[in-house]
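What follows draws every value from the coordinates through simple rules; no lab data is involved. These figures come from a predicted structure and were not determined experimentally. Here the Cβ is made from the backbone with ideal geometry for all residues, glycine too, and neighbour counts use every protein chain on show.
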Amino acid sequence: MWQSLKNYKPKIVIIEINSSVNTNNLIHIHETNKYQGTGFRPMFNLGLEKGYKFVLHTGNMIFIDEKYFDQININYKNELENFRTIFGAK
């Protein structure tokens with residue numbers, strides 16, 4: 001659904017993903033009778049395409065409009081540094 005949103009650009013987007021999918025799986029995109037939920041990597045890439053920066057994963061992915069990213073003082077070398085799970089696994 002986020003992909004189809006064209007005329008509205010919120011400052012912050014919080015979106016649920018299937019956190020059990022390997023974070024580097026590029027093809028796990030929700031499709032009825034095929035995949036339940038979308039994985040981290042396809043959603044991360046969609047955020048970038050739409051002009052957002054990834055902030056944090058806490059079960060949901062949090063993105064911010066790229067023009068505000070520097071104002072929130074979050075730094076990471078690899079986005080998976082901010083991927084959090086209950087058990088700390090990546």
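So which residues in segment 19-34 are free of Cβ contacts under 8 Å to residues at least 24 places away in the same chain and either assigned to a strand (DSSP E or B) or under 23 Å from Asn82 (Cα atoms) (or both), if there are any at all? Steps first, please.
Quick first cut of segment 19-34, residues free of Cβ contacts under 8 Å to residues at least 24 places away in the same chain only: 20-22, 24-34.
Result: Ser20, Val21, Asn22, Asn24, Asn25, Leu26, Ile27, His28, Ile29, His30, Glu31.
Say we look at segment 1-18 and pick out the residues that are outside any strand (DSSP E or B) and in contact with a strand residue (DSSP E or B) (Cβ under 7 Å, 6 or more places away or on another chain); which of these is nearest to Asn82 (Cα to Cα)? Full working, then the answer.
Filtering segment 1-18 down to residues outside any strand (DSSP E or B) leaves 1-11, 17-18.
Within this subset, residues satisfying the condition of being in contact with a strand residue (DSSP E or B) (Cβ under 7 Å, 6 or more places away or on another chain) are 2, 9, 11, 17.
Values: Trp2: 21, Lys9: 23, Lys11: 19, Ile17: 15 Å.
So, considering only residues that are outside any strand (DSSP E or B) and in contact with a strand residue (DSSP E or B) (Cβ under 7 Å, 6 or more places away or on another chain), the one nearest to Asn82 (Cα to Cα) is Ile17.
Thr32 fails exactly one of the following numbered conditions: (1) β-branched (Val, Ile, Thr); (2) out of contact with any helix residue (DSSP H, G or I) (no Cβ under 6 Å at 6 or more places or on another chain); (3) surrounded by 14 or more Cβ atoms within 10 Å (Cβ to Cβ). What is the number of that condition?
Single failed check for Thr32: (3).
Out of segment 35-83, which residues are buried (at least 17 other Cβ atoms within 10 Å of the Cβ) and in a loop (DSSP other than H, G, I, E, B)?
Hits for segment 35-83 are Thr38, Gly39.
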